[in-house]
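Where a number appears in this text, it was derived from the coordinates with a stated rule and is not lab data. These numbers come from a predicted model, not from an experiment. Backbone-built Cβ (ideal geometry, glycine too); neighbour counts: all protein chains shown.
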Amino acid sequence: MAKNLAHKILEAHLVDGRLVPGEEIGIKIDHTLLQDATGTMAMLEFEALGIDRIRAELSAQYVDHNLLQTDNKNADDHIYLQTACARFGIHFSRPGNGISHQVHMERFGVPGKTMLGADSHTPGAAGVSMLAIGAGGLDVSLAMAGRPYYFPCPKILGVKLAGQLPDWVSAKDVILEMLRRYDVKGCVGKIIEYYGSGVASLSATDRETIGNMGTELGATTTVFPSDDNTRAYLEAEGRGDAWIALAADEGAAYDEYAEIDLSTLEPLIACPSSPGNVVSVREVAGIQVHQTIVGSSVNSSFRDLMVVAKIMEGRVAHPGTSFHINPGSRQVLENVAAQEGVVNLLTAGARIHQSGCLGCIGMGQAPGTGQVSLRTFPRNFPGRSGTKDDQVYLCSPETAAAATLKGVITDPRDLGKEMDYPRIKDPEKYVVDESSIVFPPEDGSKTEILRGPNIKPFPTLEPLGETLETEVVLKVEDNISTDTIMPAGNKVLPLRSNIEAISEFVYYQVSPTFHREAKEKGAVVVVGGDNYGQGSSREHAALAPRYLGVRAKIAKSFARIHKANLCNFGILPLTFKDGEDYRLFNKGGKVVFPEIRSRVERGDTEIPVQVDGQLVTTLLDVSQRQRQSLLAGGTLNFVRQELQSQ
């Protein structure tokens, strides 16, 4: 029977379950990825398992989020991560070396391997044909310990590509077209697999752009075939021996189908404040632009920076527009410099920053009040930039360059009147730089792990009681992101290993008193709309609320990673059986879950809930394994119990 590529890779790694959409499966994980905003807590969780050394094939820890050292916290945590990596056998990428997705693709990515990353944009590894999935840090620490990753088997959406991108249109416009069609939740529960003749026109880094932002569609992950372009990239990186050919069988079937003729695409842009709010650039042309940023976890490759460098050659940024470059890695910047692109950018007025996420997670680069910022970033959720009521647009490097020159949103095709479109070819041999990657010693057992004062022990989480009596402390609408639940930025992220301190910022943007109210009530409930918890994989958006006493979240639907994180920390992820019942739950409402422990234990899917004395039915759609975590008060408690019984 002809098989699609996603099923081939899943089948090769399947250790539990069947490849039937919706059924829980467990797969072996080859690589794990941590970044520092999630890595400290994940490392603390790994330590709590009591295992001497990682059991994954390769694990890597990147420092790319918390780069600003405004006090001791980040520097202390970087040393903690570096010494813990040496102790447990993990590769450590030092601050400034680059963004996890770009560096892993450069130095470690292998076609056909699976990867679990504590970063929602881990699927960018589709650029080298990995099946890479974002997850919470606890799931990643369990994969580091050699345990399978469990998740609902996705449907496979086959997207057939034909043709070739026209001038001034690039890979960012492909994924923006997908977002225009599917919005931010249209691919929930799906793996997107690209195939067809048009794939050959996309480079490995083009594919990374598309895979990275597949996350914004709600997709589990994205996969591309491993072909001559994949081989050329790996050979240019000096890793040609890692290449293998991978593709779907001729005539392979998919659960769903779509087609894109690349030759018909036009420059697109996502307007404030959602990646799914996509229109053509021409529709919003003429709006004044105060800031442009090229780079971050997406569109930060050699190709992306060089196309901007060539467009800006001999030209200068508009005086009213601040122009920024965030390279994906130190190696990317070195290769751009080798082809004189850095000089072009500097003389054009660019501010070239260290390699890191920076403004994408509100770590600097915040726009001014009422200012418009065009960014090649993957998401533009409200306030994510660090500025309240921000006006952030997402676009291609070409569109960002056109706005930089003109000072207003400009269709980059208009630049064709002044210059030829610079089609960039990747180098046959990259300048390779591993100088800032610390490879682990063969035996790290005698390594001392250094802990700064900001690192606090993992909080104690109590098991689920027989009956829960709670109160609604917050009710929110659709598409609430983890940025809203647990903000990022240079004030909050340095507290990531101190749950007591970081919990003070839970829901701070929409309810500044949430922290105090939740702690006073003791046991509370949050009520949400559709797609609750979209966006970042940060498990702090589940762990910190649990620390404050949140024992259940009732929503119309949940985003995949956040739902898994809720189970991991013992918060009941309940959905309304009748969506109209949402209106019955309001702040201050008394909510009782009678005999909830018994119901979870015996496998009930319908969970009765009393709200102000009125009985409604909610649904608990979780696996048996997740039920065990909920009963134990969290997955870490459950796994400890398992290990102690062995």
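Here are a few things to note about the model shown:
- Segment 187-251 and segment 516-565 have Cα centres lying 33 Å from one another.
- Size of charge dipole - the chain - debye, nearest 20, with Cβ of Lys, Arg +1 and Asp, Glu -1, no other charges: 960
- Kirkwood radius, segment 204-350, all distinct C-alpha pairs, inverse of mean reciprocal distance: 18.1 Å.
- Every helix of 4 or more DSSP H residues in the chain counts as -39500 (n - 2.57), and over all residues that averages to -8000 deg cm²/dmol at 222 nm.
- If you wrap the Cα atoms of segment 268-412 in a convex hull and average its projected area over all directions, you get 7.1 nm².
- Segment 383-476: projected area of the alpha-carbon convex hull, averaged over directions, in nm²: 16.6
- All alpha carbon pair distances within segment 468-645 were sorted into 5 Å bins beginning at 0; the resulting P(r) in whole percents reads 2, 9, 18, 23, 22, 16, 7, 3, 1, 0.
- With the charge dipole of the chain set up from +1 on Lys and Arg Cβ and -1 on Asp and Glu Cβ about the Cα centre, the Cα lying farthest toward the positive end among the listed residues CYS85, ALA6, ALA204 is that of CYS85.
- Residue exposure sequence - THR221, THR399, THR618 - by fewest surrounding Cβ within 10 Å: THR618, THR221, THR399
- Burial order of peptide ranges 179-185, 567-573, 61-67 (average beta-carbon count within 10 Å, highest first): 61-67, 567-573, 179-185
- Viscosity 0.692 mPa s, temperature 37 °C, Stokes-Einstein D of the chain from Kirkwood C-alpha radius, µm²/s: 133
- Scanning residues 5 or more positions from ASP390 or on other chains, those with amide H under 5 Å from its amide H are GLY383, with H placed 1.01 Å from N in the peptide plane.
- Protection proxy ranking of 421-432, 402-413, 311-322, 78-89 - average other beta-carbon atoms within 10 Å, highest first: 402-413, 78-89, 311-322, 421-432
- All alpha carbon pair distances within segment 473-568 were sorted into 5 Å bins beginning at 0; the resulting P(r) in whole percents reads 3, 15, 28, 29, 19, 6, 0.
- Neighbours of VAL492, meaning other residues whose beta-carbon lies under 13 angstrom from its beta-carbon, give a summed charge of +3 when Lys and Arg score +1 and Asp and Glu score -1.
- Per-residue Cβ neighbour rank within 10 angstrom, fewest leading, SER197, SER396: SER197, SER396
- Along segment 2-19 the Karplus relation, 6.51 cos²θ - 1.76 cosθ + 1.60 evaluated at θ = phi - 60°, assigns HN-Hα couplings of 5, 10, 6, 5, 4, 5, 4, 5, 4, 4, 5, 10, 6, 10, 7, x, 10, 7 Hz to successive residues, with x for each Gly and Pro.
- Of the peptides 272-279, 189-196, the ranking by mean beta-carbon count within 10 Å, highest at the top, reads 189-196, 272-279.
- Only alpha carbons enter this Debye calculation for segment 128-260, each as an equal point scatterer, and the log10 of I(q)/I(0) it gives at q = 0.18 Å⁻¹ is -1.09.
- Rg [Å, one decimal], Dmax [Å, integer] - segment 5-264, C-alpha atoms: 18.1, 58
- Taking TYR582, TYR393 and counting other C-beta atoms within 10 Å, the order from fewest to most: TYR582, TYR393
- The residues neighbouring GLN69, those whose beta-carbon lies less than 11 Å from its own, together hold a net charge of -2 under the Lys/Arg +1, Asp/Glu -1 convention.
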